[in-house]
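The values are calculated or read from the model by the stated rules, or taken from the named source; none is laboratory data. Quick caveat, the model's predicted, so the values are computed rather than measured. Using ideal geometry, Cβ is built from the backbone for each residue, glycine included, and neighbour counts are taken over all protein chains shown. To get the accessible areas, we keep the full protein, side chains included, count just its heavy atoms, and leave off ligands, DNA and RNA. Shrake-Rupley method; radii C 1.70, N 1.55, O 1.52, S 1.80 Å.
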Amino acid sequence: MTPPFHLNAPACARALIGWTLTLDSVGGVIVETEAYDRDDPASHSFRGPTPRNAAMFGPVGRAYVYRIYGVHWCLNVVCGQEGSGQAVLIRALEPGVGVEAMQTRRGTAADRALCSGPGKLCQALVVTGSHDGRNLTEAPFALTPPSDPPANILTGQRIGITKGIETPWRFGLNGSRFLSRPMR
């Protein structure tokens with residue numbers, strides 16, 4: 001199955017639920033995403049290309065990595081078509097491989113706390129700015145499709161933004177205990 005990078009951001013965000021993402025053989029199943037596009041005032045691409053968001057306007061299937069609050073890295077998947085400024089924030093994973101490494105990196109044994117938020121996920125996988133622009137289907141990344149795509153994906157409002165709050169572009173796997181926050 002081909003990764004859904006060619007889809008627009010909301011469709012790609014929904015389609016990525018259930019895929020397995022790893023970095024250096026550490027990772028898990030994507031259970032929560034958020035979509036952003038150039039027409040969205042909450043998107044980094046809203047005002048056009050800058051040095052910080054350049055990866056969003058580059059080839060699809062690449063990582064767009066940025067730092068929030070000067071502390072936490074966030075990992076996004078560039079999608080749509082090259083130049084469109086669309087990306088999907090990977091908000092949460094269900095830990096699956098390299099759990100012990102994630103526990104050490106995060107300083108906790110609680111599996112629920114390992115990747116239940118974009119900053120936690122990046123700390124657990126050791127995603128940094130050096131990964132910005134990297135192809136998500138080539139080492140050190142791997143992206144694997146689900147054997148059975150999830151049937152029940154929930155939709156809700158995005159988290160941690162002040163503009164475009166009403167846009168229902170947050171997607172989560174129904175019943176997952178690894179979401180960053182419950183879906184409403």
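Of the residues making up segment 163-182, those that are over 16 Å from Ile90 (Cβ atoms) and either at pLDDT below 95 or open to solvent by less than 90 Å² (accessible area, probe 1.4 Å) (or both) are Lys163, Gly164, Ile165, Glu166, Thr167, Pro168, Asn174, Gly175, Pro182. Assess whether Gly28 counts as being within 21 Å of Val97 (Cα to Cα) and surrounded by 21 or more Cβ atoms within 10 Å (Cβ to Cβ). It is true that Gly28 is within 21 Å of Val97 (Cα to Cα) and surrounded by 21 or more Cβ atoms within 10 Å (Cβ to Cβ).
Give me the residue from segment 58-70 that is of a type outside the set (Gly, Ala, Ser), under 18 Å from Cys122 (Cα atoms) and touching a residue at least 12 places away in the same chain (Cβ under 8 Å) and, out of that set, surrounded by the fewest Cβ atoms within 10 Å (Cβ to Cβ). Per the stated criteria, the residue is Ile68.
Scanning segment 133-152 for residues that are open to solvent by less than 30 Å² (accessible area, probe 1.4 Å) and of a type in the set (A, V, I, L, M) yields Leu136, Leu143. Does Ala42 count as among the small types (Gly, Ala, Ser) and more than 26 Å from Pro146 (Cβ to Cβ)? Judged against the criteria, Ala42 is a match.
Tell me, yes or no, whether segment 48-57 has at least one residue that is over 17 Å from Ile90 (Cβ atoms), open to solvent by less than 50 Å² (accessible area, probe 1.4 Å) and modelled with pLDDT under 95.
First pass over segment 48-57, keeping only residues over 17 Å from Ile90 (Cβ atoms): 48-52, 54, 57.
Subset that is open to solvent by less than 50 Å² (accessible area, probe 1.4 Å): 48, 57.
Now narrow it down to the ones that are modelled with pLDDT under 95: 48, 57.
Yes: one or more hits.
Say whether the condition of being closer than 18 Å to Leu23 by Cβ, open to solvent by 40 Å² or more (accessible area, probe 1.4 Å), at pLDDT 95 or above and within 14 Å of the chain's Cα centre (by Cα) is met by at least one residue in segment 88-104. Yes; the residues of segment 88-104 include at least one that is closer than 18 Å to Leu23 by Cβ, open to solvent by 40 Å² or more (accessible area, probe 1.4 Å), at pLDDT 95 or above and within 14 Å of the chain's Cα centre (by Cα).
Looking at this structure, is Ala63 part of a strand (DSSP E or B) and closer than 14 Å to Arg170 by Cα? Break it down into steps so the answer makes sense when it comes.
Working: part of a strand (DSSP E or B): yes; closer than 14 Å to Arg170 by Cα: no.
Spelling it out, it is not the case that Ala63 is part of a strand (DSSP E or B) and closer than 14 Å to Arg170 by Cα.
Which condition does Ala13 not pass, out of (1) buried (at least 23 other Cβ atoms within 10 Å of the Cβ); (2) touching a Leu at 6+ places or on another chain (Cβ under 6 Å); (3) of a type outside the set (Lys, Arg), if it passes all the others? The failed condition is (2).
When you scan segment 124-143, do you find a residue that is in a loop (DSSP other than H, G, I, E, B) and over 23 Å from Val65 (Cα atoms), even just one? Before the answer, list the steps.
Initial filter on segment 124-143 (in a loop (DSSP other than H, G, I, E, B)): 126-128, 132-134, 136-140.
Adding the requirement that they be over 23 Å from Val65 (Cα atoms) leaves none.
Checked segment 124-143: no residue is in a loop (DSSP other than H, G, I, E, B) and over 23 Å from Val65 (Cα atoms).
Figure legend. Inter-residue proximity from segment 41-56: first residues within 15 Å of Leu75 (Cα to Cα) and of a type in the set (D, E, K, R), second residues at pLDDT 90 or above and not in a loop (DSSP other than H, G, I, E, B), beta-carbon distance below 8 Å, spacing 6+ or different chains. Indicated pairs: Arg52/Tyr66. Taking every residue in segment 155-184 that is free of Cβ contacts under 8 Å to residues at least 12 places away in the same chain and pairing it with any residue that is part of a loop (DSSP other than H, G, I, E, B), at least 6 positions away or on another chain, the pairs with Cβ-Cβ distances below 7 Å are Glu166/Gln157.
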